[in-house]
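Following: one structure in structure tokens, then a few remarks.
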Ligand code: SAH
Ligand code: SF4
């Protein structure tokens, strides 16, 4: 039964909700799914692993997502906002370490208007770096201004396609508004990254199956999946963490259904289970986003506790990763890793 479904997914890149839910629920399917996803990864995106240098530039957020340590109600974290010059410096260092792409991620921090962020983007773009932004929901005009200033990719997870669950966990936010943001980004010509959390309290495997179909439907260029990790400073602090095996099966199924997508091995996976990053890379993933934020800011950007590599330096992260990749017969890709060939010639 599983064999037939996995074969179909590998050859046709198509499964329905019931089939996806069945595979997601089956521990016996995990290894054959990973093996099939690894073949599809090799065939469609090759052995190169794309590295994105992650710069966490503000942990100030106006939102109240119940799972996240950056939520405005959390008084336990020390807030920071890196000055423009510091962001540019980190980007220059990332370039020095050989990164071709940087991801600027932060809370929904009102300080960073289009006018405030544009000069930073221009300066980083002028270094020849490709820029991904991950700063939450904005108006289409702002997204346009960021794009004109040099951002070419945007990462905005839908978190879950279960609207009721989304609106329960993200108070005052609308699922439809988030979907419209993804549509705006697409219209503006961004490469669109999205994704979801695995193991949110009240989430079903059917809903995870629908997440995969949603990513397929919007033709996501990048899909990041991470297990939910309870944060003691949030209302969900006592809940159970997401299951690492279920997360791995999600990664494999994503590769089977979106063969060309960029799929990261996420820090949340590594945080939950040491070695999970490499395992994800062997189960369908082809991207890693090493943190290039420095010093204490790495610790203070606490979405969830125990974040992997929080004490490493950017240099260590990069060196460890290169070694790990060569052990599994993979290498750091030299190009900027656009999903759509010719979408930008850098
Ligand atoms: N504010 C922006 C970007 C920063 S949050 C946004 O929300 O889009 C980046 C991601 O961290 C979120 O999309 C969410 O999926 C993830 N995250 C937040 N809290 C988490 C937790 N407790 N466990 C695992 N991932 C979490
Ligand atoms: Fe803010 Fe993003 Fe955390 Fe929600 S997930 S509280 S928007 S940083």
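The values are calculated or read from the model by the stated rules, or taken from the named source; none is laboratory data. Keep in mind it's a predicted model, so treat the numbers as computed, not measured. Positions of Cβ are generated from backbone atoms using ideal geometry, with glycine treated the same way; all protein chains shown enter the neighbour counts.
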*asked:* Which count do you get for residues in the range 122-162 that are more than 24 Å from residue 90 (Cα to Cα) and in contact with a strand residue (DSSP E or B) (Cβ under 6 Å, 6 or more places away or on another chain)?
replied: 4
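Quick grid of which residues meet (1) in contact with a helix residue (DSSP H, G or I) (Cβ under 6 Å, 6 or more places away or on another chain); (2) closer than 30 Å to residue 2 by Cα; (3) more than 16 Å from ligand 2 (Cβ to nearest atom); (4) assigned to a loop (DSSP other than H, G, I, E, B):
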residue	(1), (2), (3), (4)
255	yes, yes, yes, no
271	no, yes, no, no
278	yes, yes, yes, no
285	yes, yes, yes, yes
293	no, no, no, yes
306	yes, no, yes, yes
309	yes, no, yes, yes
*Quick one: which of 316, 324 is more than 18 Å from the chain's Cα centre (by Cα), within 30 Å of residue 23 (Cα to Cα) and part of a helix (DSSP H, G or I)?*
324
*Which of the residues belonging to the range 168-206 are part of a helix (DSSP H, G or I), touching a residue at least 40 places away in the same chain (Cβ under 8 Å) and either surrounded by 22 or more Cβ atoms within 10 Å (Cβ to Cβ) or touching a strand residue (DSSP E or B) at 6+ places or on another chain (Cβ under 7 Å) (or both)?*
169, 185
*Mind listing whichever residues of the range 122-134 are buried (at least 17 other Cβ atoms within 10 Å of the Cβ) and touching a residue at least 60 places away in the same chain (Cβ under 8 Å)?*
130, 132
*Hey, residue 73 farther than 28 Å from residue 312 by Cβ, within 16 Å of ligand 1 (Cβ to nearest atom) and surrounded by fewer than 20 Cβ atoms within 10 Å (Cβ to Cβ) or not*: yes
*Selected residue [assigned to a helix (DSSP H, G or I) and surrounded by fewer than 23 Cβ atoms within 10 Å (Cβ to Cβ)] from 210, 248*: 210
*Any hit, the range 13-28, residues being touching a helix residue (DSSP H, G or I) at 6+ places or on another chain (Cβ under 9 Å), within 23 Å of residue 267 (Cα to Cα) and free of Cβ contacts under 8 Å to residues at least 60 places away in the same chain*: no
*Inside the range 32-56, can you point out the residues that are away from ligand 2 (no atom under 15 Å from the Cβ) and not in a helix (DSSP H, G or I)?*
46, 47, 48, 49, 50, 51, 52, 53
*Out of all the residues in the range 144-165, which are assigned to a helix (DSSP H, G or I) and buried (at least 21 other Cβ atoms within 10 Å of the Cβ)?*
146
*Identify, by number, the condition in (1) closer than 13 Å to residue 252 by Cα; (2) within 16 Å of ligand 1 (Cβ to nearest atom) that residue 63 doesn't meet.*
(1)
*asked:* When you scan the range 57-67, do you find a residue that is assigned to a loop (DSSP other than H, G, I, E, B), away from ligand 2 (no atom under 16 Å from the Cβ) and under 22 Å from the mean Cα position of the chain (by Cα), even just one?
replied: no
*Restricting the search to the range 82-121, which residues are within 16 Å of ligand 1 (Cβ to nearest atom) and either crowded, with 17+ Cβ neighbours inside 10 Å or not in a loop (DSSP other than H, G, I, E, B) (or both)?*
82, 87, 102, 103, 104, 105, 106, 107, 108, 109, 112, 117
*Using the structure shown, decide if residue 236 is touching a helix residue (DSSP H, G or I) at 6+ places or on another chain (Cβ under 7 Å), at pLDDT 95 or above, assigned to a loop (DSSP other than H, G, I, E, B) and farther than 17 Å from residue 280 by Cβ.*
no
